Amino acid sequence: MGGSNMTIHLKIWRQEGPEAEGRFETYTLDQVNEHMSFLEMLDVLNEQLVTEGKLPVEFDYDCREGICGSCNMVINGKAHGPKRLTAVCQLHMRNYSDGDTIVIEPARAAAFPVIRDLVVDRSAFDRIIEAGGYVSVKTGSAPEANTLPVDQFNANKAFDYATCIGCGACVAACPNSSASLFTGAKIAHLNKLPQGQPERKNRVLAMVEQMEKEGFGDCSNFAECEAVCPVGISISAIAEMRRDYMKAMFDDN
Amino acid sequence: MKLDSKVPSGPLESKWEKHLNEINLLAPNNKRKHHVLVVGTGLAGASAAASLAELGYNVTSFCIQDSARRAHSIAAQGGINAAKNYPNDGDTIRRLFNDTIKGGDYRSREANVYRLAQVSNEIIDQAVAQGVPFAREYSGLLDNRSFGGAQVSRTFYARGQTGQQLLLGAYQAMMRMIHAGKIDYQPRKEMLDLVVVDGKARGIITRDLVSGKIERWSGDAVVLCTGGYGNVFYLSTNAKNSNVTAAWRCHKRGAAFANPCYVQIHPTCIPVSGDYQSKLTLMSESLRNDGRVWVPKKKGDERNPNDIPEEERYYYLEERYPSFGNLVPRDVASRNAKMVTDDGMGIGPTGRAVYLDFRDAIDRDGKEAIKAKYGNLFDMYENITGDNPYEQPMRIFPAVHYTMGGLWVDYNLMSNIPGLFVAGEANFSDHGANRLGASALMQGLADGYFVIPYTIGDYIAGNDLAAVSTDDEAFGEAADASAKQLDKLLNVKGDRSVIDFHRELGKIMWDKVGIARNREGLEQAIEEIRSLREEFWKNVRVPGEAGYYNKYLEFAHRVADYFELAELMALDALQRNESCGCHLRDEYQTEDGEAVRNDEEFSFVAAWEYKGLNGKLEAELHKEDLEFEFVELKQRSYK
Ligand SMILES: Cc1cc2nc3c(=O)[nH]c(=O)nc-3n(C[C@H](O)[C@H](O)[C@H](O)COP(=O)(O)OP(=O)(O)OC[C@H]3O[C@@H](n4cnc5c(N)ncnc54)[C@H](O)[C@@H]3O)c2cc1C
Ligand code: FES
């Protein structure tokens, strides 16, 4: 317990459904403890709203540990807020000061329609993985695990890409609403491993095609995605994806 | 109620193979005619859905989150066990079995645990083939580390994100089968009821969490993979959407609930910081490989921990358990943390914390080496607490983490309702009264990849399953009941919020049905739960309506179920007049606080039958006797 309390002003996007017109509403909280997480601060707001007979602000969350990728919102113009390498559920109020005004919006993108308030529909991400983001190995048919060594360097690289939590901050931050970092991360993860090689070509073609079909924009190297990614996925993933895509397009054996 | 464990006869080593040789098979063209509903997409659900679809079944997969990949399993940190014996330190399937049975304090079924150890190695093969980036040595071969309750290194890991990587592997396998048209994928759907037709599980009722629509689904079998119920304590390490609703509603439809009082309290979590706290964060058990647990010997010592000299530190685990030291099993570590803090040696503003110190490990191996092993956990700690664990010892305290109890299942992982299978944390099957670290991931994947796919075939082949329509009366009745309950919650229109009720329920549970329990406390808990439940139904305030995304409404009906489960947990803890594993009854312990089992009277699985709710919960206890043919029951000792 302990820690100092502050007053925080909030401007939050409220929208009743995908078709409804949204608007900002303002609220003030005057007992915000610096040790609270950002989402706990919103819990406190919601408790207050419910007591007043109003509708709480809807937002997605689950693990509150920065790993499930459920949470995603744009805070003062930045996906996941001010702290680098930190998902909003891991952000703490000690990053704010007494009297601050915080503007909270959903992660907007044409491919992420708003469901309600700050909740958006990210099912397009599932469909990109569905298009080819896997190794086609059936249960039971795997060889003994140590028959295929993977040098530590590539194993680590693969891990760095595999750690994507699929939150969609990259899309929200991109001026073009591109999903290239998300898609590239999965492609690069599997590319770094021998297990990923047999399907390498088809995977990149299918996933990139799906990404376009979902209405995500192109990548013009703004690198805003890398800057907001809560787990630090490098934009080298995008380069990897492009290289493979070009190769796959022109290589028709 | 008849509880037949259906454990095959014969030597332990060959039971599973014998069973596989004897069960009914379904030809591939027949599998295509059958439909299986898989509820949940954690490790158990995703692996089951993918494997069943690969075999040819038509599968419908449900989860609460907006994507299957976000299931609670994603948060598992430390690792997954397997008896590969890569480090050449003498591990065997038998040893993994022994450790798991002993770790569970001899309250699990031998045959199930042995099978778990047997299939453990195949899980690693499967995951590696999917591209799961496990940690590797310089040689490029897989690396292992040690976990609590074992003296061999058998834990495979992917930095501190093993659950994430394993789940993504299973999720991707599932996505592949969606692409193949074999899985109908239904995220953001919450199961509210089980539909039983002619005594068999034939469908479920869900609520679409976006539109609020109540929907009916029929199938030939239902596989429940809906996780554990640790959130009954309000604060736990579980994800916020983890719940007991699916399992509890099955219980109310006749499925026995086994060992509800077995709850694992994890020793290394970040302590509570204030009333607003919404969840607790685990610091992986793997940290105990290098971190040393201690408290100041002097009560209320407020010095900076780095200024407290060696001789004034009480390394209580190392002193009390010289052979396992900081790596004693979780229940032992948690109980000892409670003991030293009850004695006034706790640290920090609340006095409800102990130190986990990396000073010596950093001196020994260097900061970089420690960073390479635990970097992300250290970052997480700093992010939450604002303290730097490279410079200050971490503050930790036990928190509710995992529930060993769950729906009763037989050797085939089928509940006592034919056609209702239960996998992963939702069943009671393999961990007895205490689960060892890195064995939940193993169990979830064993169930989903390597057990359910066979045993479902046996059930479907062996039963005449005429098609049922969702227009059947049983579907109508269940759908109406679900809709009515939501209306009822919305129409209480009281003054107190759902969260407020949940928090109070959690406090009762933590204080009286938590780390240590006793008769008086449990009896009080039962009274308090009943009266709070009554107040809940008179005074809860649930905002909004049922016809759209409404998280408060979701939480309201989950909390309503927790109120009922809570009473059953207390009843179960009360009937178990012994201490075993995580269930410590103050009345049954040695002088220095070790659990004292009573094998004569309590070597059984407590399987509860729901009999109704009328102010109080009516429940009948059935006992499945545990027979130990292959291990000798011993008082556990980690000294
Ligand atoms: C922080 C943390 C760290 C852990 N670390 C480890 C570790 O290192 N090693 C280890 O072995 N174990 C670990 N565990 C335990 C382990 O993660 C879990 O026991 C395991 O992942 C449970 O998997 P599951 O598939 O049974 O269920 P879950 O992963 O909990 O999945 C449940 C699924 O069911 C769905 N669901 C639930 N209710 C409903 C409903 N009513 N309707 C529809 N869908 C529903 C959910 O949406 C979800 O998809 C850890 C646990 C925690 C909390
Ligand atoms: S809630 Fe899981 S990442 Fe934020």
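Find all pairs meeting these conditions: Cβ atoms under 8 angstrom apart; at least six residues apart or on different chains; first residue within segment B:423-449 and among the acidic types (Asp, Glu); second residue near ligand 1 (Cβ under 6 Å from one of its atoms) and not in a loop (DSSP other than H, G, I, E, B).
As it stands, the answer is B:Glu425/B:Ala44; B:Glu425/B:Tyr402; B:Glu425/B:Ala440; B:Glu425/B:Gly444; B:Asp447/B:Ala44; B:Asp447/B:Gly424, since those pairs meet every condition given.
Within segment B:221-247, work out how many residues are surrounded by fewer than 24 Cβ atoms within 10 Å (Cβ to Cβ) and more than 14 Å from chain A (Cβ to nearest Cβ).
Qualifying residue count, segment B:221-247: 1.
State the number of residues belonging to segment A:84-110 that are in a loop (DSSP other than H, G, I, E, B) and either open to solvent by 10 Å² or more (accessible area, probe 1.4 Å) or not assigned by TED's automatic domain parsing to the domain that holds A:Asp43 (or both).
Of the residues in that region, 10 qualify.
Being touching a Ser or Thr at 6+ places or on another chain (Cβ under 8 Å), within 30 Å of B:Tyr562 (Cα to Cα) and of a type in the set (Gly, Ala, Ser) is true for just one of B:Gly104, B:Gly199, B:Gly212, B:Gly163. Which residue is that?
B:Gly163
Report, by residue number, each residue of segment B:12-45 that is open to solvent by 30 Å² or more (accessible area, probe 1.4 Å) and β-branched (Val, Ile, Thr).
Matches in segment B:12-45: none.
Determine whether A:Val44 is within 7 Å of chain B (Cβ to nearest Cβ), touching a Leu at 6+ places or on another chain (Cβ under 9 Å), among the aliphatic types (A, V, I, L, M) and not in a loop (DSSP other than H, G, I, E, B).
Here the answer is yes, as A:Val44 does meet what is asked.
Taking the residues in segment A:47-65 that are within 16 Å of ligand 2 (Cβ to nearest atom) and more than 7 Å from chain B (Cβ to nearest Cβ) as candidates, determine which candidate is nearest to the chain's Cα centre (by Cα).
Selected residue: A:Phe59.
What are the residues in segment B:281-294 that are in contact with a Gly (Cβ under 8 Å, 6 or more places away or on another chain) and over 18 Å from B:Pro322 (Cβ atoms), if any?
Answer for segment B:281-294, where residues must be in contact with a Gly (Cβ under 8 Å, 6 or more places away or on another chain) and over 18 Å from B:Pro322 (Cβ atoms): B:Ser284, B:Glu285, B:Ser286.
Take the residues in segment B:83-92 that are in contact (Cβ under 8 Å) with a residue 40 or more places away in the chain and not charged (D, E, K, R); name whichever of them is nearest to ligand 1 (Cβ to nearest atom).
It comes out as B:Ala83.
Would you call A:Ala162 facing chain B (nearest Cβ under 9 Å) and either under 26 Å from B:Glu54 (Cα atoms) or surrounded by fewer than 23 Cβ atoms within 10 Å (Cβ to Cβ) (or both)?
It is true that A:Ala162 is facing chain B (nearest Cβ under 9 Å) and either under 26 Å from B:Glu54 (Cα atoms) or surrounded by fewer than 23 Cβ atoms within 10 Å (Cβ to Cβ) (or both).
For segment A:1-41, what are the residues that are farther than 24 Å from B:Ser278 by Cα and within 13 Å of chain B (Cβ to nearest Cβ)?
Answer for segment A:1-41, where residues must be farther than 24 Å from B:Ser278 by Cα and within 13 Å of chain B (Cβ to nearest Cβ): A:Gln15, A:Glu16, A:Gly17, A:Pro18, A:Glu19, A:Ala20.
Test B:Ser146 against the criterion of being surrounded by fewer than 24 Cβ atoms within 10 Å (Cβ to Cβ), touching a residue at least 24 places away in the same chain (Cβ under 8 Å), polar (S, T, N, Q) and away from ligand 2 (no atom under 16 Å from the Cβ), and give yes or no.
Working: surrounded by fewer than 24 Cβ atoms within 10 Å (Cβ to Cβ): yes; touching a residue at least 24 places away in the same chain (Cβ under 8 Å): yes; polar (S, T, N, Q): yes; away from ligand 2 (no atom under 16 Å from the Cβ): yes.
For B:Ser146, the condition - surrounded by fewer than 24 Cβ atoms within 10 Å (Cβ to Cβ), touching a residue at least 24 places away in the same chain (Cβ under 8 Å), polar (S, T, N, Q) and away from ligand 2 (no atom under 16 Å from the Cβ) - is met.
May I ask you to verify whether B:Ser9 is open to solvent by 10 Å² or more (accessible area, probe 1.4 Å), over 26 Å from B:Thr470 (Cα atoms) and within 11 Å of ligand 1 (Cβ to nearest atom)? Explain how you work it out, then say what you get.
On the way: open to solvent by 10 Å² or more (accessible area, probe 1.4 Å): yes; over 26 Å from B:Thr470 (Cα atoms): yes; within 11 Å of ligand 1 (Cβ to nearest atom): no.
Criteria not met by B:Ser9.
Before we move on, is B:Ala135 free of Cβ contacts under 8 Å to residues at least 24 places away in the same chain, at negative phi and within 11 Å of chain A (Cβ to nearest Cβ)?
no
Failed condition for A:Ser123, given (1) within 16 Å of ligand 1 (Cβ to nearest atom); (2) open to solvent by 10 Å² or more (accessible area, probe 1.4 Å); (3) touching a helix residue (DSSP H, G or I) at 6+ places or on another chain (Cβ under 7 Å), with all others met?
(3)
Here is a list: A:Ala185, A:Ala237, A:Ala145, A:Ala131. Which entry is touching a strand residue (DSSP E or B) at 6+ places or on another chain (Cβ under 7 Å) and outside the structural domain of A:Gly77 (by TED's automatic domain parsing)?
Only one candidate passes the filter, namely A:Ala145.
Pull up segment A:66-83, narrow it to residues that are open to solvent by less than 10 Å² (accessible area, probe 1.4 Å) and at the interface with chain B (Cβ under 7 Å from one of its Cβ atoms), then point me to the one that is nearest to B:Gln77 (Cα to Cα).
A:Cys68
Restricting attention to segment B:175-191, and to residues there that are more than 9 Å from chain A (Cβ to nearest Cβ) and touching a strand residue (DSSP E or B) at 6+ places or on another chain (Cβ under 6 Å), which single residue is most open to solvent (accessible area, probe 1.4 Å)?
B:Asp184
Do we have B:Ala426 as buried (at least 22 other Cβ atoms within 10 Å of the Cβ) and touching a helix residue (DSSP H, G or I) at 6+ places or on another chain (Cβ under 6 Å) here?
It is true that B:Ala426 is buried (at least 22 other Cβ atoms within 10 Å of the Cβ) and touching a helix residue (DSSP H, G or I) at 6+ places or on another chain (Cβ under 6 Å).
Given the conditions (1) among the hydrophobic types (A, V, I, L, M, F, W, C); (2) within 14 Å of another protein chain (Cβ to nearest Cβ); (3) crowded, with 24+ Cβ neighbours inside 10 Å, report the number of the one that B:Leu141 does not fulfil.
B:Leu141 satisfies all of (1) among the hydrophobic types (A, V, I, L, M, F, W, C); (2) within 14 Å of another protein chain (Cβ to nearest Cβ); (3) crowded, with 24+ Cβ neighbours inside 10 Å except (3).
Quick one: would you say B:Tyr411 is outside any helix (DSSP H, G or I) and surrounded by 22 or more Cβ atoms within 10 Å (Cβ to Cβ)? It would help to see each step written out before you state the result.
Values: outside any helix (DSSP H, G or I): yes; surrounded by 22 or more Cβ atoms within 10 Å (Cβ to Cβ): no.
Considered against the rule, which asks whether it is outside any helix (DSSP H, G or I) and surrounded by 22 or more Cβ atoms within 10 Å (Cβ to Cβ), B:Tyr411 comes out as no.
Which of the residues spanning segment B:65-82 are open to solvent by less than 10 Å² (accessible area, probe 1.4 Å), in a loop (DSSP other than H, G, I, E, B) and more than 6 Å from ligand 1 (Cβ to nearest atom)?
B:Ser67, B:Ala82
If you take the residues of segment A:228-243 that are free of Cβ contacts under 8 Å to residues at least 60 places away in the same chain and hydrophobic (A, V, I, L, M, F, W, C), which of them is least open to solvent (accessible area, probe 1.4 Å)? Give the derivation first.
Let us first name the residues in segment A:228-243 that are free of Cβ contacts under 8 Å to residues at least 60 places away in the same chain, namely A:235-236, A:238-240, A:242-243.
Adding the requirement that they be hydrophobic (A, V, I, L, M, F, W, C) leaves A:235, A:238-239.
Details: A:Ile235: 56, A:Ile238: 7, A:Ala239: 47 Å².
By that ranking, first place goes to A:Ile238.
Picking from A:Gly81, A:Gly53, A:Gly66, which residue would you name as being in contact with a helix residue (DSSP H, G or I) (Cβ under 6 Å, 6 or more places away or on another chain), more than 16 Å from ligand 1 (Cβ to nearest atom) and in a loop (DSSP other than H, G, I, E, B)?
None of the other options fit; the residue is A:Gly81.
Can you report the number of residues in segment B:218-246 which are within 11 Å of ligand 1 (Cβ to nearest atom) and in contact with a Ser or Thr (Cβ under 6 Å, 6 or more places away or on another chain)?
6
Check B:Ala53 against each of (1) within 13 Å of ligand 1 (Cβ to nearest atom); (2) under 26 Å from A:Ile129 (Cβ atoms); (3) in a helix (DSSP H, G or I) and name the one condition it does not meet.
Against the list (1) within 13 Å of ligand 1 (Cβ to nearest atom); (2) under 26 Å from A:Ile129 (Cβ atoms); (3) in a helix (DSSP H, G or I), B:Ala53 comes up short only on (1).
Got a sec? Which helices (runs of 4 or more DSSP H) wholly within segment B:324-394 have at least 2 residues that are modelled with pLDDT under 90?
B:330-342, B:367-385
For the subset of segment A:169-191 comprising residues that are surrounded by 24 or more Cβ atoms within 10 Å (Cβ to Cβ) and assigned to a loop (DSSP other than H, G, I, E, B), which member is nearest to ligand 1 (Cβ to nearest atom)?
Filtering segment A:169-191 for residues that are surrounded by 24 or more Cβ atoms within 10 Å (Cβ to Cβ) and assigned to a loop (DSSP other than H, G, I, E, B), the one nearest to ligand 1 (Cβ to nearest atom) comes out as A:Ala179.
The values are calculated or read from the model by the stated rules, or taken from the named source; none is laboratory data. Just so it is clear, the structure is predicted and the values come from calculations on it, not from any experiment. For neighbour counting, all protein chains shown are included, and Cβ atoms are generated from backbone atoms with ideal geometry for every residue, glycine included. For the accessible areas, the whole protein counts, side chains as well, though only heavy atoms, and no ligand, DNA or RNA atoms are used. Shrake-Rupley method; radii C 1.70, N 1.55, O 1.52, S 1.80 Å.
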